[in-house]
Amino acid sequence: MKTLKPLQIEEANTNSQEIFNNINSKIGMLPNLYATMGVSDKLLGGFLTFSETIKSGEFSAKEYEAIALATSQANGCAYCLSAHTAIGKMNGFTEKETIELRNNTIADSKLNALVTLVNQIVTRDGHATENSIQNFLDAGYSKAAFAELIGAVSLTTITNYIFHNGGFEIDFPRAQNIEQLELV
């Protein structure tokens, strides 16, 4: 059962309407994910604030998208894989690289250490191996980046879970190799 549905602007409370209008003015659309999260203005507003804060931290825009792609792949979220593939490509990744990031096969050793650690955090309920953490640190990331990585994984996981419990269409170009995820 898909409990959550995107709200039309007139269905949202005043705070969510304001957030919806801000999103629309910034990116030219209101993604179905945000229209669904807007059922709670506290969730959507808090999510956007925390996301903005994390994105101003240790990781580049490309690295943040790598985290989002690896998290969404591990969580099996077709919507977020599509959204972050599009955003990743806007930040300089090729389509092939977005798939390699999702599968922990990217040739760039620093990015590979990053997405391997992300995958372990998600699939091992936050308990990455010491080896993966050390590889991440040896690749040049700091302990602050490690802490922020946990925050970024958490943010993406929120969106993954909203989609899993939402009844809405993917409103981004569909990422490659997500067909099996769309059936869930």
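Just so you know, all these numbers are worked out from the coordinates, no wet-lab data involved. As the structure is a computational prediction, the values presented were derived from the model and not from experiment. Here Cβ is always computed from backbone atoms with ideal geometry, including for glycine, and neighbour counts include all displayed protein chains.
To the nearest 20 debye, what charge dipole does segment 61-164 have about its Cα centre, counting +1 at the Cβ of each Lys and Arg and -1 at the Cβ of each Asp and Glu?
Values: 7 positive and 10 negative charges, 23 e Å.
With Lys and Arg at +1 and Asp and Glu at -1, about 120 debye.
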Inset, instruction - Within 10 Å of each residue's Cβ, count the other Cβ atoms and sort Val153, Val118, Val39 from fewest upward. - result: Val39, Val153, Val118
Inset, instruction - Could you run the Karplus curve 6.51 cos²θ - 1.76 cosθ + 1.60 with θ = phi - 60° over segment 169-181 and give me ³J(HN,Hα) per residue in whole Hz, x for Gly and Pro? - result: 7, 6, 9, 10, x, 5, 5, 5, 6, 10, 3, 5, 6
Inset, instruction - Give me the angle, in degrees from 0 to 90, between the Cα long axis of helix 61-75 and the longest principal axis of the Cα atoms of the chain, rounded to the nearest 10. - result: 80 degrees
Inset, instruction - Could you please rank Ser51, Ser16, placing first whichever residue has the fewest other Cβ atoms within 10 Å of its Cβ? - result: Ser51, Ser16
Inset, instruction - Round to the nearest 10 and give me the degree value, 0 to 90, for the angle of helix 143-164's Cα axis relative to the longest principal axis of the chain. - result: 40 degrees
Inset, instruction - For segment 89-97, just list the computed ³J(HN,Hα) in residue order, Karplus coefficients 6.51, -1.76 and 1.60, θ = phi - 60°, integers in Hz, with x standing in for Gly and Pro. - result: 5, 5, 9, x, 7, 8, 4, 4, 5
Legend entry - Lysine pair number, Cα distance threshold 28 Å (strictly under), segment 1-154, separation 8 or more or different chains: 23
